[in-house]
Structure formats: structure tokens, C-alpha cells
Amino acid sequence: MHEQQGEIETHDAKKSSPAGGTSVQVLAPATVANLVCGFDVLGMCLNEPNDLMEIKLLDEKKIVIISADGYPLPLDPAQNTAGAPLVEMINELPGNIGFEVTIHKKIKPGSGIGSSAASAAGAVVGANYLLGDFFSKQDLVRFAMFGEKVASGVKHADNIAPCIYGGITLIRSIHPLDIVPIPAPELFVTIVHPQIEVRTSDARQILRKEVLLKDAIRQWGNIAGLVAGFIQNDLSLIGRSLEDVIIEPVRSILIPGFDEVKLKCKAAGALGGGISGSGPSIFMLSKDEQTATAVESVMKEIYNKIGLAYHTYVTTINQTGVKIINN
Ligand code: HSE
């Protein structure tokens, strides 16, 4: 919590919103977790796609979830990725304050581009706006991680943190929370989402619990190389460091066409890429839009040949995270 901030008036939540409004709309963006080598510690925010959410202040201590498009989301707040963080948030607020959240789900659950994180981050950023920024960004990540717990059984912040902070973030630790924003170069991102669902909990279950020291050495070399590459805007170093010797060999078997996509996208000029989060989406980074579009064509060609439905996006790195669009 921001120490200097005053009490929230509790008997009339509508008057108490220092932001002056009682409802707000937010765009909650997709994110790419892991960035290949940085399992659970690196993530990047995207400009497309986004969930659209509307958050309203209530003068009762309760959370109401509405799925706008009839999308089959759990409506019990404790079981909903937007609801669980808000339950935690209102428990830290005095008096009778609650929220109603309407979710227009555009980021498909189980796609690997941070669907659950978008709902969780959008809800807490919107709610905090209505509270006049009562909580810090770090508090918001702490609350939003309860949404990830609902979705995958585990608290991880590598989608949540970039969704809230924007850009690229390093989660140095979650106990205690230590989030380090990393300067993000002006790169283009191509995503292909083959239309199969991979549940994060399943994709975590299949991972080996132990790693060989030689693999760990290679992995932390790549993580450090990738972070240095981003900071120095060294595209060749970024490309060389997009290598994962621990997670990808296990998870890639869940994604039809993965090896071919990776090989041919790099041949088409991508700097590199791999599984987005826990998959099945695959992302590739490119230095310009022309290359990113050529990479998209390669992805389309491969999934047309395989005969698997897919969706593609060509987008850029979102430097600001969840966006307030109207209040
Ligand atoms: N780091 C998490 C995982 C991200 O790979 O399981 C899930 O989106």
C-alpha cells in the first residue's frame, strides 16, 4: 500500500473514489511468459490481443463477475481469475467496498498468451484506479497472482508483472516479490495460436523436477544473455539467447508442428522465439514489420499443411500494460 495515502471513506463508496468515477473500462493485454529461457522469471507485454473489462464500484463488500459474451467463465469470485484477486484486495480495504466486473473475453483461455493474467491484472488495475491508486503496482501483482493460483494451481508472476508494468519484466523472486522492469527494444512479435488447448497445470505437471548442472549453466547463460541483449539493444545476442534446454524439449511435444515452425521462421528472418508461456501458442521476435509478416506467412503455411485451425497476430511490445480507456 502507498503509505502516504489517506483512508478510503467507507460509508459511501461512490463518493469515496478519489479518481472521481464509479466505473471504468480497461484493456487488459496478452503477454508472453518465459521468453523461452526464463521459465517463471521473464515476461513481455503485447499490444494485441486484449480483453475488454468494465469495473464498477459497489458499496457492499462483495465481488460480482459477469461474462459479457456468455463465455463459460466461473462466476463464483473465488474460482474466477479476475474475482480471486479482488476478494484479496477488498479484504485489505476498510468498510463496505466491492466491485462488479464485466469481462469481454478476447484472449482465449488455454492459449498460452496470458489469458488468466489479463483478467486478473485488468481487474486489479481497474479497481485500483477507482480507489485513486490506493495500492502500489507491487501490491497489484501480489493480488493478481491469486488469479494465477485459481487458473493453474501455482502463483507465478511472469504474465501478471508485464501485464501490469508493461514492457519486459524480470521476476527475480516472488517470495518476497522483486520485480525488475527491463528496457524493451522496439521489436515486432508474431504469434501463432494453433487451436488446441494446453492447460498450464498439465504443462507444468509433465516437467522434470530436477535439472542437470550442465543444462542449468547453459540456461542461466541464456537468461543473462537475453536480459543483456534487451538492455544493450543487441539483436544478435537476443537471438542467440532465445534457447531453452530445460522446458522446451519436454513441452514442445504437445504442440504439432513446433520444430518446423521454429526452424522455418528463423530461416525467414526471425531473431528467434519458442513456446509462449505454457503453449500451445508460439511466438517469434523480428526486427521489423516486414520480417514479422513474412514469419506470419510461414506459420500459416505450416498449419494449413498440417490441417490444424490457428489464429495469428503480428504485434509489438506494449510498453504500458493494462490501459484505462474510459471512466
Ligand atoms: N511460467 C508459466 C509456465 C507461464 O510456463 O508454466 C504460464 O503462462
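In table form, for the structure just shown:
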| quantity | calculated |
| --- | --- |
| Residue match in segment 176-185 (condition: closer than 19 Å to Arg204 by Cβ, touching a residue at least 24 places away in the same chain (Cβ under 8 Å) and surrounded by fewer than 22 Cβ atoms within 10 Å (Cβ to Cβ)) | no |
| Identity of the residue in segment 126-153, under 11 Å from Ala82 (Cβ atoms) and modelled with pLDDT under 95, that ends up surrounded by the most Cβ atoms within 10 Å (Cβ to Cβ) | Ala151 |
| First in segment 24-41 and hydroxyl-bearing (Ser, Thr, Tyr), second anywhere and in a strand (DSSP E or B) and more than 9 Å from the ligand (Cβ to nearest atom), Cβ under 7 Å, 6 or more apart | Thr31/Met44; Thr31/Cys45; Thr31/Leu46 |
| Among the candidates Leu207, Leu212, residue that is closer than 23 Å to Gly114 by Cα and either under 21 Å from the mean Cα position of the chain (by Cα) or at pLDDT 95 or above (or both) | Leu207 |
| Single residue of Ser119, Ser173, Ser152, Ser115 found to be free of Cβ contacts under 8 Å to residues at least 24 places away in the same chain and polar (S, T, N, Q) | Ser173 |
| Every residue from segment 97-155 that is within 12 Å of the ligand (Cβ to nearest atom) and over 15 Å from the mean Cα position of the chain (by Cα) | Gly153 |
| The listed residue being modelled with pLDDT of 95 or more and surrounded by 15 or more Cβ atoms within 10 Å (Cβ to Cβ), out of Leu285, Leu263 | Leu285 |
| Residue match in segment 288-303 (condition: polar (S, T, N, Q), within 22 Å of His193 (Cα to Cα) and within 21 Å of the chain's Cα centre (by Cα)) | no |
| Hits in segment 145-199 - residues which are touching a Lys or Arg at 6+ places or on another chain (Cβ under 9 Å) and in a strand (DSSP E or B) | Ile174, Leu177, Asp178, Ile179, Val180, Phe188, Val192, His193 |
| Index of the failed condition, Ala123 passing every other in (1) surrounded by fewer than 22 Cβ atoms within 10 Å (Cβ to Cβ); (2) in contact with a strand residue (DSSP E or B) (Cβ under 7 Å, 6 or more places away or on another chain) | (1) |
| Condition check for Phe99: farther than 22 Å from Asn326 by Cβ and among the aromatic types (Phe, Trp, Tyr) | no |
| Neighbours by Cβ (under 6 Å, 6+ apart or cross-chain): first from segment 285-300, of a type outside the set (A, V, I, L, M, F, W, C); second in a helix (DSSP H, G or I) | Ser286/Ala292; Ser286/Val295; Lys287/Leu235 |
| Any hit, segment 290-310, residues being assigned to a strand (DSSP E or B) and not hydroxyl-bearing (Ser, Thr, Tyr) | no |
| Count of residues meeting criterion [part of a strand (DSSP E or B) and either β-branched (Val, Ile, Thr) or out of contact with any strand residue (DSSP E or B) (no Cβ under 9 Å at 6 or more places or on another chain) (or both)] in segment 95-111 | 3 |
| Neighbours by Cβ (under 6 Å, 6+ apart or cross-chain): first from segment 204-231, more than 27 Å from Lys149 (Cβ to Cβ) and outside the structural domain of Leu170 (by TED's automatic domain parsing); second surrounded by 14 or more Cβ atoms within 10 Å (Cβ to Cβ) and charged (D, E, K, R) | Asn222/Glu243 |
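Yes/no per residue for (1) over 30 Å from Ala82 (Cβ atoms); (2) within 16 Å of the ligand (Cβ to nearest atom); (3) at pLDDT below 95:
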{"position": "Gly239", "(1), (2), (3)": "yes, no, no"}
{"position": "Gly277", "(1), (2), (3)": "no, yes, no"}
{"position": "Ala309", "(1), (2), (3)": "no, no, no"}
{"position": "Asn327", "(1), (2), (3)": "no, no, yes"}
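The values are calculated or read from the model by the stated rules, or taken from the named source; none is laboratory data. A quick note: this is a predicted structure, and the numbers were derived from the prediction, not measured. Positions of Cβ are backbone-derived with ideal geometry, glycine not excepted, and every protein chain shown enters the neighbour counts.
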